[in-house]
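In what follows, a single structure is set out as C-alpha cells and then discussed.
The values are calculated or read from the model by the stated rules, or taken from the named source; none is laboratory data. This one's a predicted model, so the numbers in the text were calculated from it and none came from an experiment. With ideal geometry, Cβ positions are generated from the backbone for all residues, glycine too; neighbour counts draw on all protein chains shown.
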Amino acid sequence: MLGKSQFQIVKVDDLVLDVDNPRIKKWIEYYEGTPTAANIKLALGVATGDEQSENGTTYNSLKESIRASGGINHPIMVNNDGEKMVVIEGNTRLAIYQDFKEAGIPGDWDVIPAIVYDNLDLEFIDAIRLQSHLVGPRAWDPYSKAKYLNSLYSVEHMTVERMIAYCGGKQRDIKNYIDAYHDMEKYYRPLLESDQDFDTTRFSGFIELQKPQVKEAILKVGKTLDDFAEWIDTKKIFPLSAVRQLPKILADQKSREIFYKSGAKEALKSLDSPNVDKVLSELDLAGLCRAVQRAIENLQYPNFRAMQTNNDDPSRLAVLDLKDVFLQLVEDIEAE
C-alpha cells in the first residue's frame, strides 16, 4: 500500500523538482554542492532530449503535445513531507510547465494536476518510481535504470523479490542490470580520462556481456573483462549488438585475428557464408526486405519455438542482430 493520496490542482510555484530523480542522477552528480532548480531542469533536458519512450514519445514531442493540448492528461505524483512538496514522478512535465510559464506561452501554466501523498516513506517512493519508469511509458534509459536498481540493491538493501513485487519482470533481468552496472563501473570507467567521457549509451554492451557464453568465450582466448571494456571504448565492438556474436568470432582463429585488428564488423564478414555475397549481388535493399518479410510469414512453428527457447539458435541471433540495425535505420529515416 502506498498510503492515502488526494487529487489536487497544485500551484506550480509550490512544487520542488526532485534532486534524487534517477533519470538525471548521472548528470546531477557533476555538480558540487546542492544543485539548483536550474541545474535540475538543465539535467532533465539533457537526459530526455533525445530519449524515446516505448510508445515513441520524445521530450520535444511531449513538450509540443502539452502546449497544443493546453495541459497534461495524467497527473504528476507529489510527496508532501510537511515542509515541501517534492515531485516524485512527473519532473519533466513540471519543468515544461515552468518553462511555458516563464516564457509567457499562452495557456494556464500556473497550476498542474497532481496526486499528492502525505509523508511517504522512502520505500513507497521507490515503489512509485519502479512502477512508473522501469516498465512505464516514459522509461528511463538503460544505464539510469541499472544505476537506480543497484542503489536499491546495494545501498538500500532492497531484495530483488521486492523490486519484482513493485514493477514485475524477471529476477534474472534485474540481476543482469545490476551486474552490468558493476562491470561497466569497474572495467570501463577507469579507462576514461574524465567522467565527462563516460558514455552511458555503451551500457547495452555490458548487458550482453552477462550472457555466460560471452564471458566464457573471452576467458577461453586468454582475455579479460579489462580487454572487453577496451574493445567497447575503442569501438572494436560496434554495433554493440555484436557482443552476442563474440563467442563465434573468438572461436575462429581467422575471425579472431581480424577482430583484434579491425573490429567485430569486419570479423563477422569473414564468417559469412558465400551465399551472402551472392544474395547481395542479386537483390537490392527493397528486394531483401521483401524476402525477409516472406521468410517471416512462412516461418514454421517448430522453428519459431527453437528461436524462442534456445538463446544460441543461429536464426534467433541473426534476427536480434537485424532488429538493432533495422530499428536504427528506421529511426534515421523518420528523423525530422
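Remarks
- Matching entry among Ala306, Ala286, Ala295 (being touching a Lys or Arg at 6+ places or on another chain (Cβ under 8 Å), over 21 Å from Ile232 (Cα atoms) and outside the structural domain of Trp231 (by TED's automatic domain parsing)): Ala306
- In the stretch 208-218, the residues that are without any contact (Cβ under 8 Å) to a residue 40 or more places away in the chain and not in a helix (DSSP H, G or I): Gln210
- Subset of the stretch 282-313 (residues that are under 30 Å from Ala217 (Cβ atoms) and part of a loop (DSSP other than H, G, I, E, B)): Leu299, Asn310, Asn311, Asp312, Asp313
- Candidates Ser315, Ser241 - the one that is among the hydroxyl-bearing types (Ser, Thr, Tyr) and more than 30 Å from Asp195 (Cβ to Cβ): Ser315
- Qualifying positions in the stretch 219-266 - assigned to a helix (DSSP H, G or I) and among the hydroxyl-bearing types (Ser, Thr, Tyr): Ser241, Ser255, Tyr260, Ser262
- Taken over the stretch 101-134, the residue count meeting the criterion of being aromatic (Phe, Trp, Tyr) and either at positive phi or surrounded by fewer than 20 Cβ atoms within 10 Å (Cβ to Cβ) (or both) is 1.
- Looking only at residues in the stretch 216-259 that are in contact with a helix residue (DSSP H, G or I) (Cβ under 6 Å, 6 or more places away or on another chain) and among the hydroxyl-bearing types (Ser, Thr, Tyr), the one that is modelled with the highest pLDDT is Ser255.
- Criterion violated by Glu257 - all others in (1) surrounded by fewer than 17 Cβ atoms within 10 Å (Cβ to Cβ); (2) under 19 Å from Leu320 (Cβ atoms) satisfied: (2)
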